[in-house]
Amino acid sequence: MDPLSHTDESGRARMVDVSPKPPMKRTARAQGRIELQPHTLKLIRDNLMKKGDVLTVAQIAGIQAAKDTSRLIPLCHPLNLSHIEVDFHLGESFVEVTSCAVCTSETGVEMEALTAVSVALLTLYDMCKAVDKTMQIQGIRLLEKTKEPL
């Protein structure tokens, strides 16, 4: 049985065995954006959305999602994150979300970074859907992942 295979001899899905790999410091950065109407962005900037402080709630949602990634994605390894951040850049017609996740592990942390961005964007969508029917989530992607020996 190949320890890096995603299936066993019967073809059933299984978690990859990463135990032969040495722990390393692993970092991943991800990004995505949501296109919004200028009026919606003004409401966000002025903190006038009825559901509350959109950016703070989305930031907390992204951080929490990164911590819960292995519960959301069935074959994803649970990781002990040492750092997760979720940041926003507001343009004229969009909010860009960037995340950075760090851990010491035998496996990468890119799923946590991608999940943080995805859930932060979904939270932005949820909090703004009453005032903007044109929103579009776009371009969720991994920007980089690194590993460094300990």
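The values are calculated or read from the model by the stated rules, or taken from the named source; none is laboratory data. Everything numeric in this text was worked out from a predicted model, so none of it was measured. Cβ atoms come from the backbone with ideal geometry, glycine included; neighbour counts cover every protein chain shown. Areas reflect the complete protein model, heavy atoms only, side chains present, ligands, DNA and RNA absent. Shrake-Rupley method; radii C 1.70, N 1.55, O 1.52, S 1.80 Å.
For the chain, the spherically averaged projection of the C-alpha convex hull amounts to 10.0 nm². Modelled spin labels at R12 and D53, positioned 7 Å past Cα toward Cβ, are 4.7 nm from each other. The trypsin sites (Lys or Arg not before Pro) of the stretch 42-79 that meet both conditions, a loop assignment by DSSP and at most 16 other Cβ atoms within 10 Å of the site Cβ, are K50, K51. Here is how the number arises for the chain: DSSP H runs of 4 or more residues each give -39500 (n - 2.57), the sum is divided by the residue count, and the result at 222 nm is -9000 deg cm²/dmol. In the context of the full set of protein chains, residues of the stretch 1-91 present 61 Å² of accessible surface per residue (probe radius 1.4 Å, heavy atoms only).
Note on the chain: with charges restricted to the Cβ of Lys and Arg (+1) and Asp and Glu (-1), its dipole about the Cα centre is near 240 debye. Summarising the label geometry, the points placed 7 Å from Cα in the beta-carbon direction at L150 and S70 lie 1.5 nm from one another. Charged neighbours of K133, selected by a Cβ distance under 15 Å, balance to -2 (K, R count +1; D, E count -1). Taking the charge dipole of the stretch 1-148 about its Cα centre, with +1 at Lys and Arg Cβ atoms and -1 at Asp and Glu Cβ atoms, the residue from L72, A120, S19 reaching farthest to the positive side is A120.
In this simple spin-label approximation, I140 and E92 carry label points 7 Å from Cα along the Cα→Cβ vector, and these lie 2.8 nm apart.
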